[in-house]
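Below: the structure, in structure tokens.
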Amino acid sequence: MSNYTAPIRDVFFSMEEVNDFVAHYQYLLSDTDYDFDDVKAALPEIGRFASDILAPLNSIGDAEGVRCERGEVRSPSGFSEAYRQYVEGGWPTLAQSEEFGGMPLPFSAKIAAGEFLQSANQSWCMYTALNDGAIKCLVNFATPNLITRYVPKLVSGEWLATMCLTEAQCGSDLNLLTSKAEPTASGSYRISGTKIFISSGEHDFTDNIVHLVLARLPDAPAGTRGISLFLVPKRLVNEDSSLGELNNVSCLSTEHKMGLKGSATCVMAFDGAEGWLVGAPNRGLQNMFVFINKSRLGVGQQAQGQIEAAFQTSLIYSHERRAGRAPGGAVSPESGADALIHQPDICRMLMSQKAIAEGGRALIHWCAKYVDISDLGNAAEQGEAEQLLGLLIPITKGCLSELASEMTDYGVQILGGHGYVTEWGLEQRVRDVRVTRIYEGTTGIQGIDLLARKITGRGRPAFQKLIDIMLSVCSDDASEKVKPLQRQLTQAIAQWRELTDDLEIKAEHDSTLLSAIAVDYLMIAGYISLGYMWLKAAVVADNTLVKAQTTEPDFYRAKLQTAQFYFDKILPRIELHTAVIGNGALNCDLALSLPA
């Protein structure tokens, strides 16, 4: 059942009123003909595409899955046709360089539009998700000839790209990578090896697929210092940019997965395939990391989008389904039962979904502003933005992906038996979103990166900067309604800083401590970051109502009500995680030993 509607009003509330994108775009685009009005014109259109075209295909993709026959992959019914409409609408060009045929809006415009697509059909989005990263990588490191041949086709969406990192013997640990690259007399390379878990490694969306492949040159240093990056097309490209013969690249099989069944996750074989070096030798991993912030933020958005869609379905069902009587007495005495929406426990779950979906959206938009600055700001601004993103990206990706499993599962719980069967699509969302806690770095990896590599390492000045930014909203002018929230967030931030100071001292005497408690620490950071976004929203809503400057008073009252719920029922979770951290590192060598 398709019942997703792009939440245009809520998106503009986050962008315009909470995150001040109007001024942000005026500054970044002052020398162009573009401004935030272009985003306001584009988003409703792509929202309609998501709601009308992609959402109805979501259950079809889950039911049909992909088919792999003799190395050729067929996507589910309607998927490739929807992609052609997407290209004809010009949507792949959003937030791309005008030099290559793009619409040069900042990245945040694409991330805002991306929510609608991810909510509607995460599987379909997997086919398009890697083009932005490939384009950035090629523009930054490829030769002019490679850029000319490949980038315009990727920007237009005529071709799609993949990232080929993982091998059977190495997942996150790329030290173990064994794919080889042998130089040829012509200046190209012969790439050999097998890659697994390659999203959209083969499909029927486009005539060519551009693979970016990590491999080792002869005599390369061991470990990640010896990995190079290569462009390997499915079809070779002639001098006149026309397509030539097939390269020695093949899809051996597609994975049978828990979710995202409409997305082709492939095992790819490179059998002496012709490829070209991208960037300097032995710098492949570093070169690929130029887009890691965007990729991980995109995963956070997948999680947030699924929460939003689950909330919409749950809310509709709760208003329509009648079962039992409201605890305070009959609401609809003329009927045999009251709607589920009048049950307090149902409201608890619905409000949790709403608070995380809307707070997560604002958090993603806030991160996207810093991505814009890192792309388009001056050198000093770029440096500060990168430092803050070093903290915010693992927080956002890790926390939202964890909460997405909980919040989509709430949807199953709200619908009861109807949630457990396929008709309403909630059980599919639980399965589909589960992978966001795994790819682009598991939650554990995000937590260790945040705490051990950043906050207690080189990122401590950025941590202080982040805290100062959050505390600034705690002193904004607000009515007596909002001041308690300001005090509560101030106290939570002080607790976070004190905890961090304590962990730095204790870690000097226990080398396992930070890794053992990193996920709990990340969740504390995530709940506080979401609290910051809800406090900003509450200040905006409160000021709007006090000044009586709106024709939508109920919209702003709902924001205040949701902010209060978040601070009452969700932010206190930090106390549990703090208590767990206080119990120290793990002691499990005997408990987890293999049976004799």
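Computed from the coordinates by the stated procedures, all read-outs in this text should not be read as laboratory data. Small disclaimer: the values here were computed from a predicted structure and weren't measured. Neighbour counts are summed over all protein chains in view; Cβ atoms, including those assigned to glycine, are modelled from backbone coordinates with ideal geometry.
Couple of notes before you dig in:
- Per-residue Cβ neighbour rank within 10 angstrom, fewest leading, THR93, THR490, THR512: THR512, THR490, THR93
- Sorting 282-288, 316-322 by their mean Cβ neighbour count within 10 Å, with the most densely packed peptide first, gives 282-288, 316-322.
- Net dipole in debye of the chain [+1 Lys, Arg Cβ; -1 Asp, Glu Cβ; about Cα centre; nearest 20]: 900
- Burial order of peptide ranges 527-535, 112-120, 80-88 (average beta-carbon count within 10 Å, highest first): 112-120, 527-535, 80-88
- Packing around the peptides 49-57, 370-378, taken as the average count of other Cβ atoms within 10 Å per residue, puts them in this order, highest first: 49-57, 370-378.
- Amide H contacts of HIS211 (H built 1.01 Å from N, under 5 Å, at least 5 apart or other chain): THR162, VAL232, LYS234
- Share of Cα-Cα pairs in the stretch 447-582 lying beyond 18 Å, as whole percent: 56
- Kyte-Doolittle mean at least -0.5, axial Cα span of 27 Å or more - DSSP H helices of the chain: 292-320, 344-376, 379-415, 513-546
- Inter-centroid distance (Cα atoms) of the stretch 401-456 relative to the stretch 4-66, Å: 23
- Adding -39500 (n - 2.57) for every DSSP H run of four residues or longer, then dividing by how many residues the chain holds, sets the calculated 222 nm ellipticity at -17000 deg cm²/dmol.
- Rounded to the nearest 20 debye, the dipole size of the stretch 447-582 about its Cα centre is 280 debye, using +1 on the Cβ of Lys and Arg and -1 on the Cβ of Asp and Glu.
- Cβ-based charge dipole, the stretch 290-442, positive-most Cα from GLN312, GLY300, GLY336: GLY336
- Toward the positive end of the charge dipole of the stretch 447-582, with +1 on the Cβ of Lys and Arg and -1 on the Cβ of Asp and Glu, the farthest Cα among HIS509, GLY526, LEU560 is that of LEU560.
- Kirkwood hydrodynamic radius over Cα pairs of the stretch 284-439, then Stokes diffusion coefficient at 20 °C and 1.002 mPa s, in µm²/s: 124
- Summing charges over all other residues whose Cβ lies under 15 Å from the Cβ of VAL433, with Lys and Arg as +1 and Asp and Glu as -1, gives -2.
- The GluC sites (Glu not before Pro) of the stretch 330-438 that DSSP puts in a loop, and whose beta carbon has at most 15 other beta carbons within 10 Å, are GLU334, GLU423.
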